[in-house]
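Here the structure is laid out as structure tokens; the discussion comes afterwards.
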Amino acid sequence: MKPFAYTRATDTGAAIQTITAEQRAKFIAGGTNLIDLMKDSVEQPDRLVDISRLELARIDEVNGGVRLGALARNSDTANNPLVRQRFPLVSQAILAGASPQLRNKATNGGNLLQRTRCYYFTDTTMPCNKREPGSGCAAIEGYNRIHAIFGTSPQCIATHPSDMCVALTALDAVVVVSSPNGSRTIPFADFHRLPGNTPQIDTNLRRDELITAIELPASEAVFAPRSHYLKIRDRASYAFALVSSAVALDMNGDTIRGARVALGGVAHKPWRATEAEKILIGAKPNQQTFLRAAEATIRGAQPQKHNAFKVEMVKRAIVRALTIASGETA
Ligand SMILES: Cc1cc2nc3c(=O)[nH]c(=O)nc-3n(C[C@H](O)[C@H](O)[C@H](O)COP(=O)(O)OP(=O)(O)OC[C@H]3O[C@@H](n4cnc5c(N)ncnc54)[C@H](O)[C@@H]3O)c2cc1C
Ligand code: SF4
């Protein structure tokens, strides 16, 4: 590991000031992703700015919605009564990820910014446009079983690994950030990026911006009674998603009034399945409807050599998650 300097930030302003002043400084929160990447020489910051003790760990009700502090631990967020009651999808998604020990350390802000699990990204002997722009993509001609089937580019076919972010995408969360220029909010759908020609840039967060909170809007609480996070992975626990599906329905009698469908493990960003949502809205919640929604989603899929199985898996994950969320029987 390359030597680095360490600063413990005493307040938000000081943390932002240090990051702004030093081009190669990075924030560290729980450290569960960043430290691993530093050990592999994938990340090589000159300075770590420790933000873990800043007062950004509260989880509060705000305007009928819930505001998750960026430094609230994943375990505290998943087990928070407000989150469990109003946004159980978020709770389920977090609990489907990592392990209890990791969730006790990992923070909400860090979860959003965790980097891809593409094997070639962490293997510094291999070409990787995300790690070293212009070096090539070893995954495109290599072993690409865990890679993306939507939104890929000739530069990168990596996926975003987070579970929590899939639920946040489905529920139209908003990311609140602070920088020397003040505060701004970023709709969750615009937070992560597709790879395009710049796969080294994962998100639209600027490097001098600190995530301070994630807001779950009050309007999304209507989905609480009928939502489900389904994660399909190689092991029953402690494994990243091959495919995951976060779904939520709002009913008006026996008709679907509102629908949310998002997918994980299939794209460079959490993938909102808007075509599926259009089919669901106004329809009856049954197997034919769910299958039509799933089929509309996979129409645009572009699998790689080793991951064509994900196309069928997405279809089944959507149908299964919707079946569970709606209480219908398959
Ligand atoms: C073995 C293992 C298994 C895992 N399995 C899963 C899984 O199944 N599902 C899943 O979703 N996740 C999984 N994870 C990932 C885990 O959830 C993330 O590592 C964790 O959420 C990152 O949070 P952190 O606070 O530790 O971030 P850190 O490692 O501290 O930081 C990560 C990045 O975020 C930046 N950062 C952190 N906080 C802020 C902030 N407030 N503002 C701006 N930048 C910030 C840092 O600079 C760094 O670039 C796993 C991790 C491990 C090690
Ligand atoms: S898929 Fe992306 S992260 Fe993986 S090797 Fe290619 S460029 Fe790197």
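List of remarks:
- Residue satisfying all of: in the stretch 150-183; touching a Phe, Trp or Tyr at 6+ places or on another chain (Cβ under 9 Å) and β-branched (Val, Ile, Thr); nearest to ASP208 (Cα to Cα) among these: VAL175
- Taken together, ASP172, ASP123 contain a single residue that is at pLDDT 95 or above, under 30 Å from ASN63 (Cβ atoms) and among the acidic types (Asp, Glu), which is ASP172.
- Filter result for TYR143 (without any contact (Cβ under 8 Å) to a residue 24 or more places away in the chain, among the hydroxyl-bearing types (Ser, Thr, Tyr), away from ligand 1 (no atom under 14 Å from the Cβ) and under 24 Å from VAL314 (Cβ atoms)): no
- Pairs with Cβ under 7 Å, 6+ apart, first in the stretch 217-230 and assigned by TED's automatic domain parsing to the domain that holds ARG260 and polar (S, T, N, Q), second in a strand (DSSP E or B) and crowded, with 22+ Cβ neighbours inside 10 Å: SER227/VAL247; SER227/ALA248
- Counting the residues of the stretch 257-280 that are more than 23 Å from the chain's Cα centre (by Cα) and surrounded by fewer than 15 Cβ atoms within 10 Å (Cβ to Cβ) gives 1.
- Filter result for CYS137 (more than 19 Å from the chain's Cα centre (by Cα) and closer than 22 Å to HIS306 by Cβ): yes
- Test result for LEU89, of a type in the set (A, V, I, L, M, F, W, C), away from ligand 2 (no atom under 16 Å from the Cβ) and touching a residue at least 24 places away in the same chain (Cβ under 8 Å): yes
- For VAL66, the requirement of being within 17 Å of the chain's Cα centre (by Cα) and within 16 Å of ALA224 (Cβ to Cβ) is not met.
- Count - residues of the stretch 45-65 that are farther than 24 Å from GLY13 by Cα and either of a type outside the set (Asp, Glu) or within 16 Å of ligand 2 (Cβ to nearest atom) (or both): 3
- In the stretch 106-120, the residues that are over 11 Å from the mean Cα position of the chain (by Cα) and either aliphatic (A, V, I, L, M) or near ligand 1 (Cβ under 6 Å from one of its atoms) (or both): ALA106, THR107
- Residue in the stretch 83-95 that is more than 12 Å from ligand 1 (Cβ to nearest atom), assigned to a loop (DSSP other than H, G, I, E, B) and either among the aromatic types (Phe, Trp, Tyr) or within 18 Å of the chain's Cα centre (by Cα) (or both) present: yes
- Any hit, the stretch 66-83, residues being in contact with a Leu (Cβ under 9 Å, 6 or more places away or on another chain), of a type outside the set (A, V, I, L, M, F, W, C), under 20 Å from VAL243 (Cβ atoms) and surrounded by fewer than 24 Cβ atoms within 10 Å (Cβ to Cβ): no
- Test: residue in the stretch 157-172 that is part of a loop (DSSP other than H, G, I, E, B), crowded, with 23+ Cβ neighbours inside 10 Å, of a type in the set (Ser, Thr, Tyr) and out of contact with any Ser or Thr (no Cβ under 8 Å at 6 or more places or on another chain): yes
The values are calculated or read from the model by the stated rules, or taken from the named source; none is laboratory data. Source: prediction; values computed, not measured. Neighbour counts run over all protein chains shown; Cβ positions are idealised from the backbone, glycine included.
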